Structure formats: structure tokens, C-alpha cells
Amino acid sequence: MPAIVLVGAQWGDEGKGKATDLLGDRIDYVVKFNGGNNAGHTVVIEQPDGSREKYALHLLPSGILTEGVVPVIANGVVIDLGVLFEEIDGLEARGIDTSALKVSANAHIIASYNKTLDKVTERFLGSRKIGTTGRGIGPTYADKMNRVGIRVQDLFDESILRQKVEAALDIKNHLLVKVYNRRAVAVDEVVEDLLQYVDRLRPMVVDTSLLLDTALTNGETVLCEAGQATLLDVDHGTYPFVTSSNAISAGACTGAGIPPTRVDRVIAIFKAYTTRVGEGPFPTELHDDKGEFLRKQGAEFGTTTGRPRRCGWVDTVIGRYATRINGVTDFVLTKLDVLTGLETVPVCVAYDVDGVRHDEIPVSQSDFHHATPIYEELPGWFEDISGCRSYEELPANCRAYVEFVEERIGARISVIGVGPGREEVIVRHDLLGA
């Protein structure tokens, strides 16, 4: 079996966790290949008694909730060990077995000084802030690129660990003290903090690239799950208001050590409206009661941060871009039920920039920032669609909306989410079939 890559098609929070969970019992491995605990998945699972259990995952792959699936944190991820074990303990306390988790020896570690620098730098930028979560993600990736990062494998040799921490702090302490007026960080303090996790971490650590290659060679199915989303990709997103890693489908190859010839399906998650957290351009953003309607109906508050998300109408220009940049084969359209009750539903089909129509995202970030959406208004629907399990059961106006969006984003919509529960979906095409 080939590898499958699952990505977000907008600015994140599209519902990737639900899509992964939907595939869970047909997948052998679920791999987190980028990012850290700066994003999250919310998965709602219906229990035998009819109640629902809600799980908020931040660092762990969502496949950890499915029995028989091997969850993998690959080399492209940056790991806050405190968060990792706090999350593991929380799931274990709720009866979830996490013993199958595998962690790459080459993944980088978020040290305490990375979090400190993230927070003070963001405050220092003032009005020019990027809107980071302050969890040390960016500074850790910067250390990785500058070759002063600490990897998981370094924790198992205290001498090497100490040398690397000393080298990193040699410059960082000057910055903290002389620029940001903060106290210097002690090497012993950092080393002691990291070493406390060694005994628990050691049994999880493997060569994850080799593990996944063996699995694929043996005919097992590997799902690579992106953190964040296409427009937050450091190379192809709305730079500089992006994350610090590659969140597009190609990122799975470097972030998990899987060659591109192993990947033949890319599933993109596309919310029926648009949201983003943090700073940066957002052409269809709403600042009125309609935006508040979407936020309230969609419970648009960050899984990891709790921050209210910025909300706007669906943007098919972005959808087309996601199709092109990721090579999308299938879309999962989520939260369609949130649009129920609207008289009309606007769909952005192009942008106006200083009187010039743009059917694709402008090359210039400045132009994108000043883009005004060009909408086509579609009639809304008022019927409750949460109980629909086949496409034909959807109201006519609802189906027209799906088909209108599908035509403009350039790839088929295979699954439609009609509610928060894992069972509240309509499958038009098998995600793992032809």
C-alpha cells in the first residue's frame, strides 16, 4: 500500500483529526510529520451508551485514539517533552492505551529557553508581532536550521547534551540579558529539566523512517497527518504569518523520511467557511454579526490556545491553490452544518485588487493583503442536516452549494461533515478506494 498524506487546505482548524479518525480502523500507522504543540485536533467519539467523549490532542497523532493503529511522531516534529507526557498521562487516565507510540530519534526538542525567547521576541515586536502561540516552536526550528538544536537522541548521552546546551546558550544568554533585559539561563537547569524524561522516553524512540519504510514494503497503510495547514506553510503560506515548518503534502516526505514515490493520495480538509488564528491577511474575514454567527455556531475557539478564531466565508481561490500546491486527490468538506439557517451563503470566487480581478492568489503579499473578495451568492437552507448519512438526503440548496464549491476548487469532495461526532459524515467516495 502507498502512503497517504492528510493536510489542511486553509489556515488550520479544518477538522483534520476527525478525518484521520474516520480512516482510523483502515490505517496501520498515523504519522505526525511537522509542527509541535502549537496546534491541536479535537476528536469527538460516541460511546456505547450514546454519550460523547471529546479528546483534544496537541502533540500526539490523532490515530492514538484508535486501537491497533501505531501512532508515530516523526523527525520533522519539534517536541515539548513536558507537554508530551502530560498528554500521554491525560489519555491514560481516561483509559486510552498509548503504549504503541513511536518517536523519532531525529526529532528536535523544545528547550525551556526556546519558549522564553518565543514569548519575549513576540512582545518585543509589538504591533509587528506574528501571532505565535509562545510555545517555542519557531525558535526551535531556527535552532535546527542553525545546527544548534537538541535532538531526541542527544538526551541519551549526557555529555553531548550538555555540550549542545552550552553552545546554544552561549549566544542566547547574551540576547536575553543585553537585548531583552531577562536573566541568563543556567546550563545545569536546562540539562536537569531534559534528563528527567529520559527513562520514560527511551522505550518509544526508534528510527521512524526505517519503521515506516518497512511498513509500506509489507503492504501496510501509512497516513501522514500534517499539523497546521497549507496557508501556514513556511514556504507556500502567507509569509511571514506562517508556522515554522512545511505543512503541505511535500512536507510529509522530509518530515517523515518517506520518498515521494511512496505517496499516491493526498486528502485535504476544507472547512465550509474559513477561519484563522493569529495575525495576517484574510480576504473573506467578517467583522459583523455574520462572523459572530459562524464563530458561535462552529464553536470557533482554538483547541490549543482557546483563542477565538477569525471567521469568514469560504474562499475557493484558496481552495484551488491548495489543490495545486498539494496535488489534492480528495477533499473532506467539514462543518457544512454550521451554515444551516442562513438566507444566502456567499462564496468567494476571485479577488479584486485595485480594480483588477485575480482568479488566483496574487504573487505579491501586499496585493493579497489588500484583496477584496468577489462573491457569488448561493441560496441557503434551513433544514437540519446533522442526521443525513447519504448525499441525496441533503437539501437541494445544500447539494448545490457543495457542487458549486467542488467545481471551483478543482478536486472532488469525497466526504462531507454534517456534525461534530465521528459518525456525522456523508461519504460520497471512498477515501481509500478508486
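Checking each residue in region 62-95 for being of a type outside the set (K, R), surrounded by fewer than 17 Cβ atoms within 10 Å (Cβ to Cβ) and part of a loop (DSSP other than H, G, I, E, B) picks out E67, G68, G95. Checked against the criterion of being farther than 30 Å from Q10 by Cα and either surrounded by 15 or more Cβ atoms within 10 Å (Cβ to Cβ) or in contact with a helix residue (DSSP H, G or I) (Cβ under 9 Å, 6 or more places away or on another chain) (or both), the candidates I171, I160, I137 yield just one match: I160.
Scanning region 369-376 turns up one or more residues that are hydrophobic (A, V, I, L, M, F, W, C), open to solvent by 20 Å² or more (accessible area, probe 1.4 Å), part of a strand (DSSP E or B) and at pLDDT 95 or above. Filter region 117-143 down to the residues that are assigned to a helix (DSSP H, G or I), hydroxyl-bearing (S, T, Y) and at pLDDT below 90 and list them by number. If the condition is that a residue be assigned to a helix (DSSP H, G or I), hydroxyl-bearing (S, T, Y) and at pLDDT below 90, then T121, S127 are the ones that fit. Where strands (runs of 3 or more DSSP E) fall entirely within region 263-345, those with at least 1 residues that are more than 18 Å from the chain's Cα centre (by Cα) are at 263-271, 310-312. Just wondering, is there one or more residues in region 189-211 that are open to solvent by less than 60 Å² (accessible area, probe 1.4 Å) and over 23 Å from I137 (Cβ atoms)? Yes, that holds for at least one residue. Take R428 and decide whether it is more than 22 Å from K54 (Cβ to Cβ) and among the charged types (D, E, K, R). Taking the combined requirement at face value, the residue satisfies it.
Exactly one residue among L22, L59 is crowded, with 23+ Cβ neighbours inside 10 Å and either assigned to a loop (DSSP other than H, G, I, E, B) or at pLDDT below 95 (or both), and that residue is L59. Might you let me know whether region 305-328 holds any residue that is of a type in the set (S, T, N, Q) and modelled with pLDDT under 95? Yes - at least one qualifying residue is present in region 305-328.
Scanning region 346-359 for residues that are of a type in the set (D, E) and either over 15 Å from Y321 (Cβ atoms) or assigned to a strand (DSSP E or B) (or both) returns D352, D354.
The values are calculated or read from the model by the stated rules, or taken from the named source; none is laboratory data. Everything quoted here is computed from the prediction, not taken from an experiment. For neighbour counting, all protein chains shown are included, and Cβ atoms are generated from backbone atoms with ideal geometry for every residue, glycine included. Quick note on the areas: whole protein, heavy atoms, side chains included, nothing else; ligands and nucleic acids left out. Shrake-Rupley method; radii C 1.70, N 1.55, O 1.52, S 1.80 Å.
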